[in-house]
Amino acid sequence: MADLKEVTLYVDGAAKGNPGPAGIGVKIETDGQILTEHAGCIGTATNNVAEYHALIKGLQMAQELGALRVAVVSDSELMVRQLNGVYRVKNAALLSLYRQAKGLADGFERFRIRHVLRGENSDADRLANEGILKGR
C-alpha cells in the first residue's frame, strides 16, 4: 500500500479477571474509512498488559500499512498518561511493553495518543472481547 499520510488507531485490551484470559482489539482508519481491524487472544494477562499489547499490535499494523503519522485513541487512562509522560512506569511487567511501544511510536513522523471514555472506543472494545473468545 502507498504511504498513508495519517491513520487513526483505536486500540483496546481486555482481561476477564485480572489477570485472566485476555484479548486485544485494533481498528485502523484514515479519513473515516476503516482500513483494517484485528481481534486477537494474548493468553492470560492483566488488563494493563493487554492494553499495551493492543497498542503495540496497532503500531506494527500502521507501520506495515506505510503510515507516516499516527493518532491513537485509547480508553486506558494509565497507558495514555504513561506515554504522554504524565505518569512514570513503575510496574516491571509494563516497563518492557512501554519501551517497545515507545520505540515503535518514535518510528513515525508524528505520534499522538489521547484518552477517551470507553463508549467512544466501542469498536476496539468489541474486537478485544472477540479476541478473548478466540482463546476459548
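General remarks:
- Restricting attention to region 85-124 and to residues that are among the hydrophobic types (A, V, I, L, M, F, W, C) and either part of a strand (DSSP E or B) or touching a Pro at 6+ places or on another chain (Cβ under 8 Å) (or both), the residue that is surrounded by the fewest Cβ atoms within 10 Å (Cβ to Cβ) turns out to be 111.
- Qualifying residue in region 125-136 (condition: farther than 18 Å from residue 61 by Cα and assigned to a loop (DSSP other than H, G, I, E, B)): yes
- Checked against the criteria, residue 102 counts as of a type in the set (Lys, Arg) and free of Cβ contacts under 8 Å to residues at least 60 places away in the same chain.
- Condition broken by residue 11, with the remaining ones in (1) in contact with a Phe, Trp or Tyr (Cβ under 9 Å, 6 or more places away or on another chain); (2) part of a strand (DSSP E or B); (3) crowded, with 24+ Cβ neighbours inside 10 Å satisfied: (1)
- For residue 82: the one exception among (1) surrounded by fewer than 21 Cβ atoms within 10 Å (Cβ to Cβ); (2) farther than 23 Å from residue 132 by Cα: (1)
Just so you know, all these numbers are worked out from the coordinates, no wet-lab data involved. No experiment lies behind these values; they were computed from the predicted model shown. Glycine also receives a Cβ, built like all others from the backbone with ideal geometry; neighbour counts cover every protein chain displayed.
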